[in-house]
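Derivation of every value follows stated rules applied to the coordinates shown; laboratory data play no part. Just so it is clear, the structure is predicted and the values come from calculations on it, not from any experiment. Quick reminder, even Gly has a Cβ in these numbers, built from the backbone with ideal geometry, and neighbours come from all protein chains shown.
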């Protein structure tokens, strides 16, 4: 997981650079771009963890243990960054892969949270709707 997180940090730095620079900037041409393979890498990591997890049958209320809670915080920060990216995209050109990566990254952290609970045999707190 450390290798994945190191890769994620690198990709986030790239996305931050894309968002910060003017599309006509000479510097922007030197910044690497994200590829479909970067998104596929996250999806592959999600699939590897999901193979070991029980099927998701309802919404999960965040919590479980400290590691899972931290992963849930990461997930919410990714969602916030994605929303900010969409706001930026309404006014300036934004690479759609940057937004897709942020979306998949928040899903990755959701599965990481579930996986941490699974590793410590902690039952998920499932949301139950009340009428």
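Tabulated values for the structure
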{"quantity": "Nearest-ten-degree value, helix 96-119 long axis tilted from longest Cα axis of the chain", "calculated": "20"}
{"quantity": "Residue 35 paired with residue 97, simple spin-label distance in nm, labels 7 Å along Cα-to-beta-carbon", "calculated": "0.7"}
{"quantity": "Using distinct alpha-carbon pairs, which all enter the 1/r mean, Kirkwood radius of region 53-127 in Å", "calculated": "13.2"}
{"quantity": "Cα-based helix-to-principal-axis angle, 2-20 vs the chain, degrees rounded to 10", "calculated": "40"}
{"quantity": "Net length gained if the chain between residue 10 and residue 76 were fully extended (0.36 nm per residue, minus Cα distance)", "calculated": "21.8 nm"}
{"quantity": "Given [x] 51, 38, 23; [y] 45, 29, 23; [z] 47, 38, 27, the label whose value is Cα extents along the principal axes in Å derived from this model", "calculated": "[x]"}
{"quantity": "Mean Cβ count within 10 Å, highest first, over the residues of peptides 40-52, 18-30, 109-121, 76-88", "calculated": "109-121, 76-88, 40-52, 18-30"}
{"quantity": "Simple label model, 7 Å out from Cα along Cβ direction - residue 23 to residue 66, nm", "calculated": "4.6"}
{"quantity": "Helix axis angle, 36-50 relative to the chain longest principal axis, alpha carbon, degrees", "calculated": "10"}
{"quantity": "Sorted by Cβ density within 10 Å, fewest first, the residues 15, 122, 61", "calculated": "61, 122, 15"}
